[in-house]
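The values are calculated or read from the model by the stated rules, or taken from the named source; none is laboratory data. What you see is a predicted model, and the numbers here were worked out from it, not measured in a lab. Cβ coordinates were reconstructed from backbone atoms using ideal geometry, including for glycine residues, and neighbour counts include every protein chain displayed. Calculation scope for accessible area: heavy atoms of the full protein, side chains included, ligands and nucleic acids excluded. Shrake-Rupley method; radii C 1.70, N 1.55, O 1.52, S 1.80 Å.
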Amino acid sequence: MAQYLLKRLGMTFAVVLLILLFLAVVPHLIPGDPVENILGPRATEARITQVRVEMGIDDPVLVQAGSFIWSAAQGDLGRDFATNRPVTTILAQAVPHTMALAFASLGLAVLLGIPFGVLAATKPDSLLDRFTSVLSVSFITVPSYVMALFLLLLFPIWLGVLPATGTGSFSDPLNYLRHLILPSAALAITWVGYFARLVRASMLEVVGSNYIRVARAYGLRERVIHYRYALKNAVIPSVAIMGVALGNLLGGAVFIELIFNRPGLGKLALDAISARNFPVLRGAILMVALLFVVANLVADLSYRFLDPRIRVEEKST
Amino acid sequence: MTVTTKTTTRWRSRFGGRTLALAAVAMLVLAACGDEEPADGEQATDDEGTEETAAPDADTDDTELRIRTVMDITSLDPNVMPSTTDDAVAMTVLEGLVAYEPGGSGELINVLAEQIELSDDGLSVDFTLREGVQFHGGYGELTAEDVKFSFERTAGITEGEVETSYASDWATLEEVEVTGDYTGTIRLNEPFAPLMINTLPGNAGLIVSQDAVEELGEDFGTSPIGTGPYQWSEWNPGQEIVVERYDDYHGAMFEHLDEPQWERIVWVPIEDDTAADIAIETGDVDMGQISTGSVDRFEADDNFVVDPLATFDYGWIGMNVQDEVLSDVNVRRAIRQALDIDSMIVAGFDGQVARANALVSPEMPIGHWEDAPVYEQDLDQARAYLEEAGYEDGLDLTMIIDDQTGSQEIAEIAQANLAEIGIDLQIDLLDGGEYREVARDANQQLFYISFSNTADPSWATVWFNCEQVGDWNYQHWCNEEFQQLHEDALVETDPDARHDMYVRMQEIMDEDAIAAWVMYRTNLYTYGSDLQISLVPERYGKYLAYDFRR
């Protein structure tokens, strides 16, 4: 286990290093001059030169890459070109909103998707199964931004309940939660469908296995069989996919944050791209990448923790 | 198996039903909480219309005003202020000696100046300050030294911690002489026509606290200290910009308008148009600009008012005269004659903007060319021009556009129009930064763009100067007579003479066929019908937030 952990961490480290290297050269991959964008049309030549020097964008690429990685390793991601605030401060403000959104969506997807899947699996090919499968597939295929607009029309505009835009503040958790409902529902909907399909498939597989048949032969109640014995194994693939889901939700958050005007990572990155605000852009991408990598790491490890067979297999090799 | 089905059913109804019901209940509870929330005194507003939509009184409050802005601010330092959001916020916090009277009369009113007078030779301005004006945050009383500091800093005479962006608005400033605590004289090398039109009532005329700037340095832009009726409160980037009532306000503006009712004014940056529509519709914000496509919907709803404000901003299809093909004026004339501008206005802006036939809009106090030719699509004439240029067999051109509203529709119509005279137009959609880089380059051919503008035509003609070639003069056009007129018009103080000069400049542009003018922008301010807004078109088509009433 320790060896595996070490190997896995080493790989994570390598991935992070690659990301940093990529980010270091990003300013040179995107056309457009950041200085002009920041200073606006009335800036003088002297001011432009001054800012260019301050930002160091005229240094050789390798020098820039080296200094970026070195300071990033020390937790310094530079300063926002436009407002001169430290990027880490900006990230610290944006990350909680995105995390809240991603985790709320993941929670919602799991909370609704798994029961849906079990429901469908208890009576394969029944009308109920067909119904849930049609529902799941349509959930999977509806893009989150379409769902977002639909929810906005339905709740804040027609029914006049739930706030439409913004996030509220963390100091008023109930209000924050109310702001979170629609965006997380819109974002979760695809994954509700995924989890439902996934759980249904693995549930059917497990229910057909020997140990469940034995359990039935012992006369255990079906509910106990499903929940105490079958689901435990059937849910493992879903756990594995949660890491991917979380990463995907972080990516999908861009649209949702735009539509609901939430000042999270996605919106930050998007604004930074159009302003050519490279320090902020790098910071935002780095953050999303790190969250993705960590989520996958945790999913991988928990997978092994939940499924003893994987540990056993490893020992035997 | 038969036995188990029954239990399954029971389990299903219990478990599945319970979770779903729980989620549903949680949603309803949270939703319901919202209805109790706005309890503090705003229920007095009329409650008709709550049935149709929850707006606009769902979250309203008579002491807090919330306004949508398109972009977040970057800096409120008058030396920087690159976007118009900054300007709208700055107008509540910072003041100048004079200001345009809200409401669009074009009259100047004294704000920090008790008296102000331009000398007959146009070379000096004597001013006497209002006494007892206190800067926000305990930075003391306003004196003539602050005026000197602010203007010379903006003019770039004194070296500041941030370089100035508005130096050209003070192009001929020699110095500001302080003659007493409250008196001083602005001295110019040469007369400067935009001084009382654009410089003093605009960004370049805003007065900051010398002590505050020296103490705060670069941070001044995000914690500005001025004398306005509202003071800087907080800024949550991407979320809100908040100013709050300043109790020690000297009161100059309130001699011209009633005292404001708002304790706080909040700007909410919402970049996405759809999100903005929803925020306005649900009352998340009280006022904001909407996209042209949403006008009909809001106008049809009795709960909302759409207030179109014609601005001085202009959009045009420009032609790079240094391009090999486009260097022939007949090719440019052919293009101008082939374009169907009226259709572009309908397709690009839902017919919500005014058609432009020249650079300076009719709203501008001087400089509008009333008799400018209106080019209607005339394909035969266009073909004749092309033939004259020797391109009767057709040619290929490229047009660059950015992602501004309407750009794409305009380009597509141009593409269809030009195809009819045998020009194969390729459209390149570039994002803001890249667009600018390509446009500055002498290799591009056609482009569509719109520029913002303020109340003096010099702010528009400047971008067509020779020294702007390779910078903002995307036409790469340099005309000596035009250039000379631009410089002369800056120091000419007779408005009628200036008017004629600007008209002549537009005639030159027309003769050289460097552009097909498309539109003058209209700002579509939209708000709940219980709100009254206050506009200052002379300042980039902005509004005076604290003068709104509910």
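Just give the residues from segment B:279-328 buried by at least 40 square angstrom of accessible area in the all-chains context relative to the isolated chain, probe 1.4 Å, and say none if nothing qualifies.
Residues passing the criterion (a loss of at least 40 Å², heavy atoms only) are B:T282, B:D284.
Comparing A:R197, A:R276, A:R216, which has the greatest mean-square fluctuation in the GNM of chain A with Cα pairs linked when under 10 Å apart?
For chain A, modelled as a Gaussian network with Cα springs under 10 Å, the answer is A:R216.
Using a simple charge model, +1 on the beta-carbon of Lys and Arg, -1 on the beta-carbon of Asp and Glu, nothing else, what dipole does segment B:311-523 show about its Cα centre, in debye to the nearest 20? The partial results should precede the final answer.
On the way: 10 positive and 44 negative charges, 76 e Å.
I would put it at about 360 debye.
Given axes a ≥ b ≥ c from the Cα gyration tensor, I'd like to know whether chain A is rounded (a/c under 1.5), prolate (a/b larger than b/c) or oblate. Spell out each step's value before the answer.
On the way: a/c = 3.19, a/b = 1.66, b/c = 1.92.
Here chain A falls in the oblate category.
Could you point to the residue in A:P86, A:L286, A:L106 farthest towards the positive end of chain A's charge dipole, with +1 and -1 charges on the Cβ of Lys/Arg and Asp/Glu respectively?
Projecting each Cα onto the dipole axis, the largest value belongs to A:L106.
Would you kindly derive the ³J(HN,Hα) couplings of segment B:441-450 from the backbone phi angles with the Karplus curve 6.51 cos²θ - 1.76 cosθ + 1.60 (θ = phi - 60°), listing them in order in whole Hz, with x for Gly and Pro?
Result, rounded to whole Hz: 6, 6, 8, 6, 10, 10, 8, 10, 7, 10.
Based on DSSP H assignment, which helices of chain B show an axial Cα extent of at least 30 Å together with a mean Kyte-Doolittle hydropathy greater than or equal to -1.0? Please report the intermediate quantities before stating the final value.
Details: long enough: B:2-36 (51 Å, 0.26).
Span-like helices here: B:2-36.
Amide H to amide H, which residues 5 or more places from B:I449 or on other chains are under 5 Å from it, using H placed in the peptide plane?
Amide H neighbours of B:I449: B:W316, B:G318.
Determine ³J(HN,Hα), in whole Hz, for all residues of segment B:309-325 in sequence, where each value follows from phi through the Karplus function 6.51 cos²θ - 1.76 cosθ + 1.60 and θ = phi - 60°; x replaces Gly and Pro.
Per-residue couplings from phi come out as 10, 5, 10, 8, 5, 9, x, 8, 9, x, 10, 7, 6, 8, 5, 4, 6 Hz.
Say R0 is 30 Å: what FRET efficiency, to the nearest 0.05, do B:V491 and B:E376 get from their beta-carbon distance? Each step should come with its number before you reach the end.
Working: r = 38 Å, r/R0 = 1.28.
FRET efficiency, B:V491 to B:E376: 0.20.
Take each complete run of DSSP H in chain A, measure how far its Cα atoms stretch along the helix's own axis, and keep only those covering 20 Å or more with mean Kyte-Doolittle hydropathy at least -1.0; list them. Walk me through the numbers on the way to the answer.
Values: long enough: A:2-29 (40 Å, 1.76); A:87-122 (51 Å, 1.66); A:127-141 (21 Å, 1.21); A:173-207 (43 Å, 0.94); A:236-259 (34 Å, 1.87); A:278-306 (41 Å, 1.71).
Those that pass (Cα extent of 20 Å or more, hydropathy at least -1.0) are A:2-29, A:87-122, A:127-141, A:173-207, A:236-259, A:278-306.
Choose one of B:Y385, B:G217, A:V63: the residue whose Cα lies farthest towards the positive end of the charge dipole of the protein assembly as shown (beta-carbon charges +1 Lys, Arg; -1 Asp, Glu; about the Cα centre).
A:V63
Based on DSSP H runs of at least 4 residues, each adding -39500 (n - 2.57), what is the mean residue ellipticity at 222 nm of the protein assembly as shown after dividing by all its residues, to the nearest 500 deg cm²/dmol?
On the way: 28 runs with 401 residues, N = 867.
-15000 deg cm²/dmol, from helical runs alone.
Considering only DSSP beta bridges where both residues belong to chain B, give the percentage that are antiparallel (nearest 5).
Antiparallel: roughly 75 percent of the beta bridges in chain B.
Please work out whether segment B:72-176 counts as rounded, prolate or oblate from its C-alpha gyration tensor, where a ≥ b ≥ c are the square roots of the eigenvalues and a/c under 1.5 means rounded, while otherwise a/b larger than b/c means prolate and anything else oblate? It would help to have the intermediate numbers written out before the result.
On the way: a/c = 1.26, a/b = 1.13, b/c = 1.11.
Rounded shape, in that the Cα axes give a/c under 1.5.
Among the GluC sites (Glu not before Pro) in segment B:75-152, which ones are in a DSSP loop with at most 16 other Cβ atoms within 10 Å of the Cβ? Mind listing them? Don't skip to the end; give the middle numbers.
Values: sites: B:E95, B:E107, B:E114, B:E117, B:E131, B:E141, B:E145, B:E152; in loops: B:E107, B:E131.
Here the sparse-neighbourhood loop sites are B:E107, B:E131.
Subtracting the Cα-Cα distance from 0.36 nm times the residue separation, let me have the gained length for B:E190 to B:V346 in nm, one decimal. Write out the running numbers ahead of the final one.
Working: separation 156, 0.36 × 156 = 56.16 nm, distance 4.54 nm.
The B:E190-B:V346 span can extend by a further 51.6 nm.
In debye, nearest 20, what is the charge dipole magnitude of chain B about its Cα centre with +1 on Lys and Arg Cβ and -1 on Asp and Glu Cβ, if you could check? List each step's numbers first, then the result.
Working: 28 positive and 114 negative charges, 447 e Å.
That gives chain B a dipole magnitude of about 2140 debye.
How much accessible area is lost when chains B and A come together, counting both sides, with a 1.4 Å probe, in Å² rounded to the nearest 100? Numbers along the way, then the final one.
Working: alone 24060 and 17370 Å², together 36370 Å².
Separately minus together, B and A give about 5100 Å² buried.
Would you calculate the separation in nanometres between label points at A:E205 and A:L9, each defined as 7 Å from the Cα along the Cα-to-beta-carbon direction?
According to this spin-label approximation, the distance is 3.1 nm.
Cut-off 10 angstrom, C-alpha nodes, Gaussian network model of chain A. Which of A:V293, A:V134, A:V235 fluctuates the most?
A:V134
What shape does chain B take by its C-alpha gyration tensor, where a ≥ b ≥ c are the square roots of the eigenvalues and a/c under 1.5 counts as rounded, a/b above b/c as prolate, and the rest as oblate? Each step should come with its number before you reach the end.
On the way: a/c = 2.20, a/b = 1.12, b/c = 1.96.
Here chain B falls in the oblate category.
Which whole number gives the average, over all residues in B:427-434, of C-beta atoms from other chains lying within 10 Å of the residue C-beta? Before the final figure, lay out each step's value.
Working: counts 0, 0, 0, 2, 6, 7, 11, 5.
For this peptide, the per-residue mean of nearby foreign Cβ atoms is 4.
Taking θ as phi - 60°, what are the ³J(HN,Hα) couplings along segment B:465-478 by the Karplus curve (6.51, -1.76, 1.60), each to the nearest whole Hz, with x for Gly and Pro?
For segment B:465-478, the Karplus-derived couplings read 6, 5, 6, 8, 5, x, 10, 9, 8, 5, 6, 6, 9, 9 Hz, x marking Gly and Pro.
Under the definition of partner shielding as Cβ atoms of other protein chains within 10 Å of a residue Cβ, what is the mean value for peptide A:223-232? It would help to have the intermediate numbers written out before the result.
Values: counts 8, 2, 3, 6, 2, 0, 0, 0, 0, 0.
Across A:223-232, the average partner-chain Cβ count within 10 Å equals 2.
Dipole size in debye (nearest 20) for the protein assembly as shown around its Cα centre, Lys and Arg Cβ +1, Asp and Glu Cβ -1? Don't skip to the answer; put the middle values down first.
Numbers: 54 positive and 133 negative charges, 1948 e Å.
Value, rounded to 20: 9360 debye.
What's the average, rounded to a whole number, of partner chain beta-carbon atoms within 10 Å of each residue's beta-carbon in B:71-80?
Values: counts 3, 5, 2, 10, 4, 0, 0, 0, 2, 7.
Per residue, the average neighbour count from other chains is 3.
Considering amide H positions built from the backbone, and no H for Pro or chain starts, which residues 5 or more places from B:S233, or on another chain, come under 5 Å of its amide H?
HN-HN under 5 Å from B:S233: B:V242, B:V243, B:E244.
Taking 7 Å along the Cα-to-C-beta vector as the label spot, tell me the A:H28-A:L62 distance in nanometres, rounded to one decimal.
With each label placed 7 Å out from Cα toward Cβ, I get 1.0 nm.
Using a Gaussian network for chain A with springs between C-alpha atoms less than 10 Å apart, which of these wobbles most: A:R52, A:R223, A:R85?
Maximum among the listed residues: A:R223.
So, by mean Cβ neighbours within 10 angstrom, what's the order for B:468-480, A:104-116 with the highest one leading?
On the way: B:468-480: 19.1, A:104-116: 22.0.
Averaged packing, sorted descending, gives the order A:104-116, B:468-480.
Can you send over the carbon and sulfur percentage of the accessible area for the protein assembly as shown, probe radius 1.4 Å, protein chains only? Can you show the working numbers first?
On the way: 19770 of 36370 Å².
Taking all protein chains in place, the protein assembly as shown shows 54 percent carbon and sulfur surface.
Sorting B:M509, A:M99 by accessible area (1.4 Å probe), largest first, what list results?
Numbers: B:M509 5, A:M99 60 Å².
Sorted descending by solvent-accessible area, the residues read A:M99, B:M509.
How would you rank A:136-143, A:259-266, highest first, on the average number of other Cβ atoms within 10 Å across their residues?
Per-residue mean Cβ counts within 10 Å order the peptides as A:259-266, A:136-143.
Which FRET efficiency, nearest 0.05, do A:I310 and B:R355 yield, Cβ-Cβ r, R0 56 Å? Walk me through the intermediate numbers first.
Values: r = 70 Å, r/R0 = 1.26.
The pair A:I310/B:R355 has a calculated efficiency of 0.20.
In square angstrom, what is the accessible area per residue of the protein assembly as shown with a 1.4 angstrom probe? Numbers along the way, then the final one.
Numbers: 36370 Å² over 867 residues.
For the protein assembly as shown, the solvent-accessible area averages 42 Å² per residue.
Using the beta-carbon distance between B:V70 and B:D121 and R0 = 51 Å, what value does 1/(1 + (r/R0)^6) give for FRET efficiency, to the nearest 0.05?
Numbers: r = 43 Å, r/R0 = 0.84.
Computed FRET efficiency for B:V70 and B:D121 comes out at 0.75.
Hey, can you grab everything whose amide H is under 5 Å from the amide H of A:V235? Only 5+ residues off in sequence or another chain; H modelled, so Pro and N-termini drop out.
none
Between A:I48 and B:D471, what is the label-to-label distance in nm when each label sits 7 Å out along the Cα-to-Cβ direction?
Inter-label distance under the simple model: 0.7 nm.
Taking 0.36 nm per intervening residue step and subtracting the Cα-Cα distance, what contour gain separates B:C478 from B:N330 on full extension?
Values: separation 148, 0.36 × 148 = 53.28 nm, distance 1.77 nm.
My answer for the length gained is 51.5 nm.
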